Amino acid sequence: MAWTRDQMCERAALELEDGFYVNLGIGMPTLVANYIPDSMNVTFQSENGMLGMGAFPLDNEVDADLINAGKQTITELPESVYFDSATSFAMIRGGHIDLSILGALQVAQNGDLANWMIPGKMVKGMGGAMDLVAGVRRVIVLMDHNAKDGSPKLLKQCDLPLTGAGVVDTVITDLGLFEIKGGQLYLSELAPETTLDEVRERTEAEFVQ
Amino acid sequence: MSDSKKVYPDATAALDGLLSDGMTILAGGFGLCGIPEHMILAIRDSGVQNLTVASNNCGIDDFGLGLLLQTKQIKKMISSYVGENKLFEEQFLNGELELEFNPQGTLAERCRAGGAGIPAFFTKTGVGTVIADGKETRDFDGQTYLMERSLTGDLSIVTAWKGDKAGNLVFRKTARNFNAPMATAGDNCVVEVEHLVEIGDIEPDQIHLPGIYVDRIFEGHSFEKRIERRTIREA
């Protein structure tokens, strides 16, 4: 059995450290927050201008002035702080955020990332993704190993427009955990009951075990 | 300064004489959070045409800047994300609307730099992507950076929670977002506030944006503050 989505998030949470400032992308990466042990102090940044994101509000706590980067209503914590967008991206670009976890359409073996645009389909925009992958100290991609049609997402080279070149440090898929060092892809962990042959068959990228 | 020359009764009065066809408007807000909703309505009603609007997003079909798409008053958008808007897609695909994508942090910094008299800056954001096409790159300390030009506009339209009659502003929670950098980068800056207070009512140390950037201010009386993704947890 490969990792389920919950198990992928649980595995990603192990990459967090006490005292980290972390930015989580929209979608599956958001769920990583559910797997952080209570004993660990991690501060979440929302790039629309907040450090110290709290849980979703109760019905009677909803505040139109308090949303996350996915435009969902959220709450504040005693340690929360608000700032403007220029300040928010100064802390991102300036390397003050320890870790970003985000989704991907494609990742290349050299760390290139494509996650914002499919030519021929309506382009929604990159939002803050290009700034995050360029500025955050460590970038973890959390994605299904293969696309819905079965095609590989870990490639020799991305054919979709890039979000960043050589920016990915770690990739967690349902089949395992990969690390990219010095422009080379390494398979560091296999998901339970997953074979090396299966990973090879479902991966286009060249990797070292 | 009790009769401040900056204070206007409403959006229409505050924008009077500042709108012209073909102008560039910098609009604060993130999604529907912290958008200048009264001024968007007044701009719609003014009928001004061929606008270039820099704003992180473009509202939704029936609220925010989406209202100016309905009336086809926008010629070009400078944004980082426009995925919430079917009207946008329609007008973009049939060639009625130009679009310039900026990474979100680059858009914010372009405005900050514009307001601070910095004509260009270098950033790692977008290096090796389509955003770098046609732009100058330069290596510093072994890393490649991209030169981005600053962004200024004819008019900034921003929202704050509280403002005094000198234009000193306090924002509230994540509604601050692009309002502060956008406010600094327009030739004229008009602000709508939920609470207009007397000079001296805000502690000088608690002011988020000094009134030097603000030309006109008015109190909005019916903020709708629509929520895009109301997400709650069970008690």
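The values are calculated or read from the model by the stated rules, or taken from the named source; none is laboratory data. All of these numbers come straight from a predicted model, not from anything done at the bench. Using ideal geometry, Cβ is built from the backbone for each residue, glycine included, and neighbour counts are taken over all protein chains shown. All accessible areas refer to the heavy atoms of the entire protein, side chains included, with ligands and DNA or RNA removed. Shrake-Rupley method; radii C 1.70, N 1.55, O 1.52, S 1.80 Å.
Among the residues making up the range A:22-53, those that are at positive phi and open to solvent by less than 20 Å² (accessible area, probe 1.4 Å) are A:GLY49, A:GLY52.
Criterion first (part of a loop (DSSP other than H, G, I, E, B), of a type in the set (A, V, I, L, M) and under 30 Å from B:LEU146 (Cα atoms)) does A:ALA86 satisfy it? Against the criterion (part of a loop (DSSP other than H, G, I, E, B), of a type in the set (A, V, I, L, M) and under 30 Å from B:LEU146 (Cα atoms)), A:ALA86 does not qualify. Only residues that are within 9 Å of chain A (Cβ to nearest Cβ) and open to solvent by less than 60 Å² (accessible area, probe 1.4 Å): list them for the range B:91-112, please. Within the range B:91-112, B:LEU99, B:PHE101, B:ASN102, B:PRO103, B:GLN104, B:GLY105, B:THR106, B:LEU107, B:ALA108, B:GLU109, B:CYS111 qualify.
The residues on offer are B:ILE118, B:ILE157, B:ILE207, and the sole one that is touching a Pro at 6+ places or on another chain (Cβ under 6 Å) and modelled with pLDDT of 95 or more is B:ILE157.
Here is a yes/no grid of residues against (1) touching a strand residue (DSSP E or B) at 6+ places or on another chain (Cβ under 7 Å); (2) within 29 Å of A:ILE74 (Cβ to Cβ):
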site: B:LEU155; (1), (2): yes, no
site: B:GLY163; (1), (2): yes, yes
site: B:GLY167; (1), (2): yes, no
site: B:ARG176; (1), (2): yes, yes
site: B:THR184; (1), (2): no, yes
site: B:VAL193; (1), (2): yes, yes
site: B:ILE202; (1), (2): yes, yes
site: B:HIS208; (1), (2): yes, yes
site: B:ARG216; (1), (2): yes, no
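Check the range A:124-138 and report whether any residue there is open to solvent by 50 Å² or more (accessible area, probe 1.4 Å) and at pLDDT below 95. Within the range A:124-138, one or more residues are open to solvent by 50 Å² or more (accessible area, probe 1.4 Å) and at pLDDT below 95.
Does A:PHE56 fit the bill of being closer than 19 Å to A:ALA134 by Cα, open to solvent by 10 Å² or more (accessible area, probe 1.4 Å) and either at the interface with chain B (Cβ under 7 Å from one of its Cβ atoms) or in contact with a strand residue (DSSP E or B) (Cβ under 7 Å, 6 or more places away or on another chain) (or both)? Taking the combined requirement at face value, the residue does not satisfy it.
If A:ALA104 passes every condition in (1) closer than 30 Å to B:ALA27 by Cβ; (2) in a loop (DSSP other than H, G, I, E, B) but one, which one does it miss? Going through (1) closer than 30 Å to B:ALA27 by Cβ; (2) in a loop (DSSP other than H, G, I, E, B) one by one, A:ALA104 breaks only (1). On the stretch given as the range B:95-126, residues that are part of a loop (DSSP other than H, G, I, E, B) and under 12 Å from A:GLY135 (Cβ atoms) total 4.
Please verify whether the range B:66-80 includes one or more residues that are closer than 24 Å to B:MET23 by Cβ, out of contact with any strand residue (DSSP E or B) (no Cβ under 6 Å at 6 or more places or on another chain), crowded, with 22+ Cβ neighbours inside 10 Å and away from chain A (no Cβ under 14 Å). The answer is yes, given that some residue of the range B:66-80 is closer than 24 Å to B:MET23 by Cβ, out of contact with any strand residue (DSSP E or B) (no Cβ under 6 Å at 6 or more places or on another chain), crowded, with 22+ Cβ neighbours inside 10 Å and away from chain A (no Cβ under 14 Å). Here is a check on your reading of the model: is B:LYS135 closer than 26 Å to A:ILE118 by Cβ, part of a loop (DSSP other than H, G, I, E, B) and open to solvent by 20 Å² or more (accessible area, probe 1.4 Å)? Taking the combined requirement at face value, the residue satisfies it.
Are any residues in the range B:32-87 modelled with pLDDT under 95, aliphatic (A, V, I, L, M) and assigned to a helix (DSSP H, G or I), and if so, which ones? If the condition is that a residue be modelled with pLDDT under 95, aliphatic (A, V, I, L, M) and assigned to a helix (DSSP H, G or I), then B:LEU87 is the only one that fits. Is it fair to say A:ILE26 is within 13 Å of another protein chain (Cβ to nearest Cβ), closer than 30 Å to A:THR194 by Cβ, touching a Gly at 6+ places or on another chain (Cβ under 7 Å) and not aromatic (Phe, Trp, Tyr)? So A:ILE26 passes the test.
Given the structure, is B:PHE88 surrounded by 16 or more Cβ atoms within 10 Å (Cβ to Cβ), within 11 Å of another protein chain (Cβ to nearest Cβ) and within 17 Å of B:ASN50 (Cα to Cα)? Here the answer is yes, as B:PHE88 does meet what is asked. Screening A:LYS148 with (1) closer than 22 Å to A:VAL123 by Cα; (2) open to solvent by 50 Å² or more (accessible area, probe 1.4 Å); (3) touching an Asp or Glu at 6+ places or on another chain (Cβ under 7 Å) gives one miss only, at (3).
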